[in-house]
Each structure stands twice: as structure tokens, then as C-alpha cells.
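To keep things clear, I will list the structure first and then write my remarks on it.
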Amino acid sequence: MAAKKDKGGNNGTQRLDKVLGNLGYGSRTELRKQAKMGLITVNGEIVKDSGAHVDPYQDVIEIAGERVFYRKHIYLMMNKPPGVLSATEDRRDRTVLDLLDEKDAAFEPFPVGRLDKDTVGLLLLTNDGALAHELLSPRKHVPKTYLATVEGEVGQSDVEAFAHGVELDDGYMTLPAKLTVLSRERRNVVISHISLTITEGKFHQVKRMFQAVGKKVVFLKRISMGDLSLDESLPEGKYRELTEAELKLLGASL
């Protein structure tokens, strides 16, 4: 059955041009032209009215012979590179959205939480506001694990201080965090390589926590959020969609 003209838009149906536009197949004007050219079919029948209503989950939609697979939400794992902002727009600097392909950007995803401009690693982008809210909610205490390189000798006293919580420069007392010293090396100064798991997300929190104990973070990488871990085969600046298994892991973190 072909698409129907539906003035009100029955439950489960949407305008054809809206469905295709949301998936990045073109503007409303471009899609109107393609429809008039007979390039769009619904359930095997040519549809020349791009304003017709379709059920994107049930109807078979094709454009220029390509099958359209509809979904409402998109979930992307990015290995954020340095020098890029975790924001949706900025007048001066590139943002993580500038790294997306056009078809993925059409879903209008946004970063879930922020990584500093010079911080790399796991960043989730989605247009699922409910999931983002749950992951970022302070009451959920979703754990986030980082690897860091720190100037100074990180020792047992720091491990114990972080386990109790440290006072930041604004007087805020952090929640308990798990600090693990992975290795140390001596250059001009002692360099410590650490792992840190926190359950909150204050502004520049990891850097400020080490500042509170007299040390400086010189490299920071997030490797996990909840039960979701960074795909280490993903180069910096690249991204991919989450697998079904990874989506379940995210759900299990909440």
C-alpha cells in the first residue's frame, strides 16, 4: 500500500519529507523535487507527493533505489581528539559535531557531558535526551574512569585523600574517588601515571582534584562511562555507532 495523504497525521505516521529530512536525505525543497521526479517509492509504489504520510517503522521506503532504514535515536561512541570542544557549536573552535558525517549530524546529536578541550577519549553523542539526563543525573552517580599523566609523585597519601574526598578550590568537597597508581618515571620531575574513577562531573574536576593535592595533570583520557568502555581500536577523532550490547551496558549503568 502506498503512502496516504493524512491531514492530521495518524498515530505512528509522519510526513515523508520529514522522515527523509531527519535522516539527512535532503531539504524539504530537494525532497519535493526528487518525489516529482519519481525517485521516491513507498511499498514499491512511486510517491510524487513528498508531504504524504508514512509509517517509517512499517512502510518500505526507498529513495533513488536505496532502502531507507528509519530510527528515532542515534548513539555514537567517539574517541575525542585534543583541540576540539565538547559542544554543539562555537564561533572560534571546532566542536565534536564538526567531526560527524552529514547523515549522522542530521539526527542533531549532542555530547553527553563534556570533556575539556585538551582531554581525549570516550565521548557519547546522542539525541536521546532521556538517556543523557539519566547518565548525567547527580543522583545516579554513574562512574567515569580516566587515565592521566600527572606531574609529581602520586602516592598512598593521595590515594587515601581521594578515597575520602578532597576539597576543591571553591570549597566543594568531592565524593570518594578510586585512585590507582599505575607507574612512575623520573624525567626532570617525577611523572606518575594513574587511573581515577569518579562518580560526579564537576567543572575540570580531575585536574582540580590533583591541584588540591599539589600536583598537575598534563594528560587526561576518559576510558569508560558506566559499563561502557572506549573501543581502543577507534582512532582519535573517529566514531562509530554503539552496538546493541553496548546500549544494554549503558542501560545497566543506570
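List, please: which pairs have Cβ atoms under 7 Å, are six or more places apart or on different chains, and start with a residue in region 92-103 that is surrounded by 14 or more Cβ atoms within 10 Å (Cβ to Cβ) and end with one that is in a helix (DSSP H, G or I)?
Leu97/Ala105
Before we move on, is Gly38 over 27 Å from Gly129 (Cα atoms) and without any contact (Cβ under 8 Å) to a residue 12 or more places away in the chain?
Details: over 27 Å from Gly129 (Cα atoms): yes; without any contact (Cβ under 8 Å) to a residue 12 or more places away in the chain: yes.
Criteria met by Gly38.
Every residue in region 27-37 that is open to solvent by less than 20 Å² (accessible area, probe 1.4 Å) and out of contact with any helix residue (DSSP H, G or I) (no Cβ under 6 Å at 6 or more places or on another chain), please.
First pass over region 27-37, keeping only residues open to solvent by less than 20 Å² (accessible area, probe 1.4 Å): 31, 35.
Within region 27-37, Ala35 is the sole residue that qualifies.
Quick check on this structure: which one of Glu108, Glu134 is closer than 30 Å to Tyr70 by Cβ, without any contact (Cβ under 8 Å) to a residue 60 or more places away in the chain, open to solvent by 30 Å² or more (accessible area, probe 1.4 Å) and of a type in the set (D, E, K, R)?
Details: Glu134 fails: without any contact (Cβ under 8 Å) to a residue 60 or more places away in the chain.
Only one candidate qualifies: Glu108.
Could you go through region 151-164 and let me know if any residue there is among the polar types (S, T, N, Q) and under 20 Å from Lys202 (Cα atoms). Full working, then the answer.
As a first pass, look at region 151-164 and keep what is among the polar types (S, T, N, Q): 156-157.
Within this subset, residues satisfying the condition of being under 20 Å from Lys202 (Cα atoms) are none.
No, region 151-164 contains no residue that is among the polar types (S, T, N, Q) and under 20 Å from Lys202 (Cα atoms).
Taking region 113-134 as the region of interest, how many residues are hydrophobic (A, V, I, L, M, F, W, C) and more than 22 Å from Met209 (Cα to Cα)?
Taking region 113-134 and keeping what is hydrophobic (A, V, I, L, M, F, W, C), we get 115, 120, 122-125, 130-132.
Imposing the further condition that a residue be more than 22 Å from Met209 (Cα to Cα) reduces the set to 124-125, 130-132.
Looking only at that region, the number is 5.
Which of the residues belonging to region 20-37 are over 17 Å from Pro56 (Cα atoms) and polar (S, T, N, Q)?
Ser27, Thr29, Gln34 - these are the residues of region 20-37 that are over 17 Å from Pro56 (Cα atoms) and polar (S, T, N, Q).
For the subset of region 62-74 comprising residues that are open to solvent by 40 Å² or more (accessible area, probe 1.4 Å) and either touching a Ser or Thr at 6+ places or on another chain (Cβ under 7 Å) or among the polar types (S, T, N, Q) (or both), which member is modelled with the highest pLDDT?
Selected residue: Glu62.
For region 48-61, what are the residues that are without any contact (Cβ under 8 Å) to a residue 24 or more places away in the chain and open to solvent by 60 Å² or more (accessible area, probe 1.4 Å)?
Residue satisfying the conditions is Lys48 alone.
Among what's in region 111-131 and is touching a residue at least 40 places away in the same chain (Cβ under 8 Å), over 17 Å from Leu76 (Cα atoms) and among the charged types (D, E, K, R), pick the residue that is most open to solvent (accessible area, probe 1.4 Å).
Selected residue: Asp118.
The values are calculated or read from the model by the stated rules, or taken from the named source; none is laboratory data. A quick note: this is a predicted structure, and the numbers were derived from the prediction, not measured. Because the Cβ atoms are built from the backbone with ideal geometry, glycine has one as well, and the counts that use them run over all protein chains shown. Heavy atoms of the whole protein, side chains included, go into the accessibility calculation; ligands, DNA and RNA do not. Shrake-Rupley method; radii C 1.70, N 1.55, O 1.52, S 1.80 Å.
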